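Peer 1: Quick one: structure below, then a few questions.
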């Protein structure tokens, strides 16, 4: 999902990965980072997600999904007891993920001998920090939400040095179960084309996720014959964007970034300054903190003009396993329509548990669990059937397009879009 700090920050912290991974942690008493000799009788799965700020409703549902998956298996993977520890990578002052907290979480997991899987991060910029730290410690990482291209490949949308800079050991330790932004960019371009957009203007928040996705949208739009009138960055601390909006001359406008970077103010100004324009956004704003006025989101009059993309579908669009998940989630938590990311938290833990179980007597060995994650082929899951490729990417490609009605995201259609070559 989805959402990030500036690449410069990620690169600086990544460069410190070797030193940070080697340092001890005052709040962790579990010893060094190697798990090759750990017992298979009991292991730990960590998650690191922003549990404060605009993303809190999404990540709360994600943690609930993680817990449900573990509960359904009796807290075990095969014969191995699995403990779960939920970590917060956000701070109240930041209102979203924070670099120092991300680093602390990754170090904590890397230095825990029992840790064999790390579920996170929610934001791609946060993963730009945690991946190198976990890579040094050999900790397998599964992201239920990251979409930034450069975390796994050097395809369009990646920055210089990506993805190699994130893997100091030279071995991949990161996988994700959500489609990357070459696919999301194509999905947004496809729906804009369907909606009759002849020209578009792209705005981005300059972060790893936002800037990369903006490039993917631009490439896909041009490929589909849509004129791209601009791809400009915004300042997240701006009081308003009226001057910027006055310069836009396009049928449609799409913002590529996260809610926390002043998205609500941006869309208010877009709606006022371009009353006839169609507005779009990515999974970075597919949350109640953006859609719901009661959560300090956009006014209802603005919301009705916007469509957003997110790699989750309506419950009716899923197969039997997906439908069973929604029924089980409702039974456990009393929520009939959980946040779309609940199912990704659930599947991230299911994949972790399956990989631990497949490791058998080596369930406490991080390297063996990692091997099993990358062996994932044609897995029948709540999300559908997918594999994990050699880069760590899922083969899933479906994106959902949602409207905003009454402060809620309402499923509109499924888009199957091929990424731009």
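Peer 1: Of all the residues that make up the stretch 286-314, how many are outside any helix (DSSP H, G or I) and closer than 18 Å to residue 412 by Cα? Let's see the steps before the verdict.
Peer 2: Just the residues of the stretch 286-314 that are outside any helix (DSSP H, G or I), to begin with: 286-287, 292, 296-299, 304-314.
Right, trim to closer than 18 Å to residue 412 by Cα and you get 286-287, 292, 304-314.
Final tally of qualifying residues: 14.
Peer 1: Here's another thing I want to ask about it. Restricted to the stretch 356-372, and to residues that are touching a strand residue (DSSP E or B) at 6+ places or on another chain (Cβ under 7 Å) and assigned to a helix (DSSP H, G or I), which residue is farthest from residue 71 (Cα to Cα)?
Peer 2: Applying the first criterion (touching a strand residue (DSSP E or B) at 6+ places or on another chain (Cβ under 7 Å)) to the stretch 356-372 yields 356-357, 363-364, 366, 369.
Subsequent filtering for residues that are assigned to a helix (DSSP H, G or I) retains 356-357, 366, 369.
Numbers: 356: 15, 357: 15, 366: 22, 369: 20 Å.
Taking the candidates together, the pick is 366.
Peer 1: Here are some residues: 58, 71. Which one is in the same structural domain as residue 40 (by TED's automatic domain parsing), surrounded by fewer than 19 Cβ atoms within 10 Å (Cβ to Cβ) and part of a helix (DSSP H, G or I)?
Peer 2: Working: 58 fails: surrounded by fewer than 19 Cβ atoms within 10 Å (Cβ to Cβ).
Every option except 71 fails the conditions.
Peer 1: Here are 353, 266: which of them is assigned to a helix (DSSP H, G or I) and more than 25 Å from residue 69 (Cβ to Cβ)?
Peer 2: 266
Peer 1: Moving to a separate point now. Quick test of your reading of the structure: residue 336 fulfils all but one of (1) more than 18 Å from the chain's Cα centre (by Cα); (2) outside any loop (DSSP other than H, G, I, E, B); (3) not assigned by TED's automatic domain parsing to the domain that holds residue 72. Name the failing condition by number.
Peer 2: Exception for residue 336: condition (2).
Peer 1: Another question about this same structure. Which members of the stretch 293-306 meet the condition of being surrounded by fewer than 21 Cβ atoms within 10 Å (Cβ to Cβ) and modelled with pLDDT of 95 or more? Spell out the reasoning first.
Peer 2: Let us first name the residues in the stretch 293-306 that are surrounded by fewer than 21 Cβ atoms within 10 Å (Cβ to Cβ), namely 293-296, 299-302, 304-305.
Across the stretch 293-306, the qualifying residues are 293, 299, 300, 301, 302, 304, 305.
Peer 1: Next up: With the requirement that a residue be outside any helix (DSSP H, G or I) and more than 23 Å from residue 261 (Cα to Cα), what does the stretch 205-227 give you? Let's see the steps before the verdict.
Peer 2: Pass one, the stretch 205-227, residues outside any helix (DSSP H, G or I): 205-207, 224-227.
Answer for the stretch 205-227, where residues must be outside any helix (DSSP H, G or I) and more than 23 Å from residue 261 (Cα to Cα): 224, 225, 226, 227.
Peer 1: Modelled with pLDDT of 95 or more and within 27 Å of residue 215 (Cα to Cα): does that describe residue 346?
Peer 2: No: the conditions fail for residue 346.
Peer 1: Of the residues that sit in the stretch 232-252 and are surrounded by fewer than 11 Cβ atoms within 10 Å (Cβ to Cβ) and within 29 Å of the chain's Cα centre (by Cα), which one is farthest from residue 207 (Cα to Cα)?
Peer 2: 239
Peer 1: Looking at the stretch 180-199, which of its residues are under 19 Å from residue 415 (Cα atoms), modelled with pLDDT of 95 or more and outside any helix (DSSP H, G or I)?
Peer 2: 195, 196, 197
Peer 1: Please go through the stretch 108-121 and pick out each residue that is assigned to a loop (DSSP other than H, G, I, E, B) and either over 12 Å from residue 349 (Cα atoms) or not assigned by TED's automatic domain parsing to the domain that holds residue 87 (or both). Even if it seems obvious, please write down each step before you answer.
Peer 2: Taking the stretch 108-121 as the starting set, the residues that turn out to be assigned to a loop (DSSP other than H, G, I, E, B) are 111-114, 120-121.
Answer for the stretch 108-121, where residues must be assigned to a loop (DSSP other than H, G, I, E, B) and either over 12 Å from residue 349 (Cα atoms) or not assigned by TED's automatic domain parsing to the domain that holds residue 87 (or both): 111, 112, 113, 114, 121.
Peer 1: Only one of 146, 105 is in contact with a strand residue (DSSP E or B) (Cβ under 7 Å, 6 or more places away or on another chain) and in a loop (DSSP other than H, G, I, E, B); which? Show your work before the answer.
Peer 2: Numbers: 105 fails: in a loop (DSSP other than H, G, I, E, B).
Result: 146 is the single residue among 146, 105 that is in contact with a strand residue (DSSP E or B) (Cβ under 7 Å, 6 or more places away or on another chain) and in a loop (DSSP other than H, G, I, E, B).
Peer 1: Has the stretch 406-415 got any residue that is surrounded by fewer than 20 Cβ atoms within 10 Å (Cβ to Cβ), assigned to a loop (DSSP other than H, G, I, E, B), more than 18 Å from the chain's Cα centre (by Cα) and not assigned by TED's automatic domain parsing to the domain that holds residue 86? Break it down stepwise before answering.
Peer 2: Residues of the stretch 406-415 that are surrounded by fewer than 20 Cβ atoms within 10 Å (Cβ to Cβ), as a first pass: 406-408, 410-414.
Now restrict to residues that are assigned to a loop (DSSP other than H, G, I, E, B): 406-407.
The next check asks that each one be more than 18 Å from the chain's Cα centre (by Cα); those that pass are 406-407.
Among the residues that remain, those that are also not assigned by TED's automatic domain parsing to the domain that holds residue 86 are: 406-407.
Yes, the stretch 406-415 contains a residue that is surrounded by fewer than 20 Cβ atoms within 10 Å (Cβ to Cβ), assigned to a loop (DSSP other than H, G, I, E, B), more than 18 Å from the chain's Cα centre (by Cα) and not assigned by TED's automatic domain parsing to the domain that holds residue 86.
The values are calculated or read from the model by the stated rules, or taken from the named source; none is laboratory data. Computed from a predicted model, the values in this text were never measured in an experiment. Note that each Cβ is placed from the backbone with ideal geometry, even for glycine, and that neighbours are counted across all protein chains shown.
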